[in-house]
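Trainee: Sending over a structure as structure tokens; questions will come in a sec.
The numbers here are math on the coordinates, done by the rules we state, and not lab data. The shown structure was predicted, so the numbers you read here are calculated from the model rather than taken from an experiment. A quick note on method: Cβ atoms are made from the backbone with ideal geometry, for glycine too, and the neighbour counts reach across all protein chains shown.
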Amino acid sequence: MQHDRFGGPEVLKEVEVPDPVAGRGETLVEVEAAGVNFGDLKEIAGELTAGPYAMKGPLPHIPGMEVAGRTSDGRRVVGYLRQGGYATKAVLAERDLALLPQEVSAGQALALLVQGLTAWHLLRSVARVRPGESVVVH
């Protein structure tokens, strides 16, 4: 999925592009599932021009910052990338990949990656929740 202008979901178009090529320290992943996150939506809308979620590179652009899938050697992985996750194949840095056990679904893994780590960070670093305290999640 790619967009060549900013807006809502209607700007995303299915297109054919050459497969990305992994470089040194990178791995090509055949994408089983991609996360759809707040940062992706704001990026597609053109509302992020600075900060960690800001779009990298010019339009047209393939968004998507997290994927689950398989490597060419058969490893089942989940990982984070800056862009390009809304595709059938994506290149990720080896350091940004984690092995995905068979009993964990792609959707479960993606729920833990960006959103799960964000929640953990907010609970530990911002709210500073301590053992014995309770948190309401709605």
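Trainee: Using +1 on the beta carbon of Lys and Arg, -1 on that of Asp and Glu, and nothing else charged, what's the dipole of region 9-126 about the Cα centre, debye to 20?
Mentor: 360 debye
Trainee: Quick check: residue separation of residue 38 and residue 15 times 0.36 nm, minus the Cα distance between them. What number comes out in nm?
Mentor: Numbers: separation 23, 0.36 × 23 = 8.28 nm, distance 2.28 nm.
Roughly 6.0 nm would be gained on extension.
Trainee: Could you work out which residue, out of 36, 67, 17, moves most in a Gaussian network model of the chain, that is, has the largest mean-square fluctuation with Cα springs under 10 Å?
Mentor: Sorting by GNM fluctuation, first place goes to 17.
Trainee: Then there is this: How fast does region 9-126 diffuse by Stokes-Einstein, in µm²/s, taking the Kirkwood radius from C-alpha pairs at 4 °C and 1.567 mPa s?
Mentor: Diffusion coefficient, whole number: 87 µm²/s.
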